[in-house]
Each structure stands twice: as C-alpha cells, then as structure tokens.
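Asks: Dumping the structure here so I can ask a few things about it.
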Amino acid sequence: MKYDVSERLIWFKGELVHVNDAKINILAPTSQFGLNVFEGIPCYWNEDEHQLYAFRLDDHYERLLRSARLIQIDCPFSKSDLKKAFVDVVKANEYEENLSVRQTLFVDGFGSWGSDGPTNMFVAPIPRGKTSAEYNKKGLNVCVTSWRRISENALSPRIKCGANYINSRYGQREALRNGYDTCLFLNEYGKISEGPGSCFFMVKNGKLITPAFTDAVLESITRDTVIKLAKSLGYEVEERTIDRTELYTADETFLCGSAMELTPVLSIDRYELGCGEISEILHRSYVNTAKGLNPLFKNWVTAIYTE
Ligand code: PMP
C-alpha cells in the first residue's frame, strides 16, 4: 500500500483525489436524504500469485444499475466507466491486502428528495482490517428484533440505497442495547427476512435453507454465491419462507454478505445453536473462490494488476 488510510486516494467526480479532498455539498440530496445507491465490492489478495482479485464485479454493477433504475436517479456511467473508475483507484493505491470498495452513485447539486440528478460517483477503497467489530467476530449472538424489515410496498429492500440502512440501524441499535451482536428482521408478514447488512441461511438435515427473494431481502451476491457453491459441493438448497420457530431448532445457521463473508450464528434469542461443519466448509470454499482458486468459478474474479 502506497498511502496511509488517512491519505488514501479516492475516485471522486472523475478524478483521483486524497480522501480529505473528496467533499460533498451539504445541501446535496445525498447529504440530506441519503439519496444514493451503492455497492460494497470485496477484493481478495492472493499472495502466491501476487494478485488482487475483485469478486463478482459485473454482478455488483448490474445490481447498482438496477438500484439506480428503481429509485429513478439518472446514471451517466456505463458499466465500463464503473469498472474503469474502480480499477484505476485500487491500482493507484497499490493495495496488497483484502479490501471492501465502496462504489456510490449519489445525487449532487441543490435539489431535493424528488430530484433525479445530477448524479455523480465516488469509489472509496476500505482496507479490510478496518471493517466494523461485528464483521470481525468469530460468531454472533443474534436476536429477532422487534422492528420489522422495510417492505416491498413502502421502501423496497431490493434497492441498495443509503436511506434503507436507517431500518437496519433500528434493528442493530436495539440488538446492541439488549446485549446482542446483531439482529434478524421479520418481514411485514412475520416471516424471517435478513440481518441489517447480511442474508440468513440455516442448515437442517444437511440441507441449506434461505428466505426467498420475495421475503423482503436484498438480492445479495453472497447469498447467490453460497447457493451456487453449495450446489457445486453436492448440497441441496431450498429458497423458501422461514418461520421464526424454525430458527431455534436449526442444526447450523449463519449470516453472509460481502463484508462479513459467512459468519456463524452462535445463538438466536439465547437459544444456543451449534457452529457447524457445513458452514465452515462453505466459508472456506467462499474465500478460496474469491481468491481465484476455484476453477469452476474463475469467471467470478477480475484481476486488478494486469500490467
Ligand atoms: N442484506 C443487506 C441488508 C445488506 O446490506 C447486505 C450487504 N450488502 C446483504 C444483505 C448482503 O449482500 P451482498 O452479499 O451482496 O453483500
């Protein structure tokens, strides 16, 4: 790494600038109303190959563009513009470690919450050592929060926009107040949806079960990765509605996301759960795949250092 974290370079409105010089107008709709859509894109350092791999870059850009379309903000960037900005800023920082890269389309200017532009972008690499304590834990004690997950008919959880995370915050803050590490949300129909920044899986009799896309969850890239890896390893996977009491008798449970990878759940509502073998196998497979070591899914990784 060429730059210290406090000095790192950020791609901001078409230029590479030091993080302290990347300033957003306080009256911009992104500042006032969280009017932005974003991705957290993981990069994995492969020491043997001396290479940094971005994981499922195209899938992140497809979701970013879907989010922009759904929230109706203009997007002046093509997929190749998005990718070029990403590669340029990661390369410029000369990282040789795992990263989470925040790539955000935000509504700038002096409009309001109803504005569709002007849209601009920043790409900010975050070295992985600095992710939140929650993500660095070996296992999580989880509660079912009393707050409901945002719903398709009010504020769709399918859209990865800044404002949606206020709902995540409600659940997370309640969990911390009550001595838990994080929470699971029920959806408006009282069925399991997801964590504040992660998707949920349970294992029962060797089969993986995760809520369906229509149960109020983000279209998570890690969820999709886990499903495909599990199937490639011969496990059965079911995407279906989950009842609350099913949680307490699961053989294994874990939360997953680009930042937390696969993190085992130690207990839910103080019902103790086993940390299981299948979660561990899938976690190992996930990390190997993201480092470009799984020939079946080599097309999921993009090498950053090509010249
Ligand atoms: N659900 C929510 C609410 C999230 O914020 C995240 C993290 N982006 C996830 C699920 C996991 O999504 P992904 O695997 O694409 O990171």
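Asks: Could you sort Thr182, Thr249, Thr30, Thr214 by accessible area so the largest value comes first, with the probe set to 1.4 Å?
Replies: Thr214, Thr249, Thr30, Thr182
Asks: What is the gain in length, in nm to one decimal, between Phe110 and His50 on full extension, counting 0.36 nm per residue of separation less the C-alpha to C-alpha distance?
Replies: Working: separation 60, 0.36 × 60 = 21.60 nm, distance 4.48 nm.
Answer, rounded to one decimal: 17.1 nm.
Asks: Continuing with the same structure: Over the chain, give the accessible area per residue in Å² for a 1.4 Å probe, as an integer.
Replies: 45
Asks: Another one. What FRET efficiency would be calculated for the residue pair Asn288, Arg173, taking the C-beta separation as r and a Förster radius of 30 Å, to the nearest 0.05?
Replies: It comes out at approximately 0.30.
Asks: Which residues make up the longest stretch of the chain that has no chymotrypsin sites (Phe, Trp or Tyr not before Pro) in a DSSP loop with at most 15 other Cβ atoms within 10 Å?
Replies: 4-109
Asks: With axes computed from alpha carbons, what is the tilt in degrees of helix 277-290 against the longest principal axis of the chain, rounded to the nearest 10 within 0 to 90?
Replies: 20
Asks: Another question, if that's okay. Karplus couplings for segment 31-43 from phi (6.51 cos²θ - 1.76 cosθ + 1.60, θ = phi - 60°), rounded to Hz, Gly and Pro as x?
Replies: Values per residue, Gly and Pro as x: 6, 7, 10, x, 7, 7, 10, 8, 9, x, 9, x, 10 Hz.
Asks: Pop a pseudo-label 7 angstrom from the Cα along the beta-carbon direction at both Lys228 and Thr241 and give the gap in nm to one decimal.
Replies: It works out to 2.9 nm between the two label points.
Asks: Carbon and sulfur together cover what percent of the accessible area of the chain at a 1.4 Å probe radius?
Replies: 49
Asks: Moving to a separate point now. On a 1.4 Å probe surface of the protein chains, which of Val87, Val226 comes out largest in accessible area, and what is the full order?
Replies: Per-residue accessible area, sorted high to low, gives Val87, Val226.
Asks: In whole Å and largest first, what semi-axes does the C-alpha gyration tensor of the chain yield when each eigenvalue is scaled by 5 and square-rooted?
Replies: Value: 31, 25, 17 Å, ordered largest first.
Asks: Could you derive backbone 3J(HN,Hα) for segment 224-234 from the dihedral phi with the Karplus parameters 6.51, -1.76 and 1.60 (θ = phi - 60°), listing whole Hz in sequence and x where the residue is Gly or Pro?
Replies: Values, residue by residue: 5, 4, 4, 4, 6, 5, 4, 4, 5, 8, x Hz.
Asks: Moving on. Please give the contour-minus-distance gain from Leu296 to Glu15: 0.36 nm per residue of separation, less the Cα-Cα distance, rounded to one decimal in nm. Intermediate results must be reported in sequence, preceding the final value.
Replies: Working: separation 281, 0.36 × 281 = 101.16 nm, distance 3.66 nm.
Extra length available between Leu296 and Glu15 comes to 97.5 nm.
Asks: From largest accessible area down, sort Arg169, Arg149; use a 1.4 Å probe on the protein chains.
Replies: On the way: Arg169 135, Arg149 20 Å².
Final ranking, largest accessible area leading: Arg169, Arg149.
The values are calculated or read from the model by the stated rules, or taken from the named source; none is laboratory data. Here the structure is a predicted model, which means the values were calculated and not measured. Note: ideal-geometry Cβ built from the backbone for every residue, glycine included; neighbour counts use all protein chains shown. Calculation scope for accessible area: heavy atoms of the full protein, side chains included, ligands and nucleic acids excluded. Shrake-Rupley method; radii C 1.70, N 1.55, O 1.52, S 1.80 Å.
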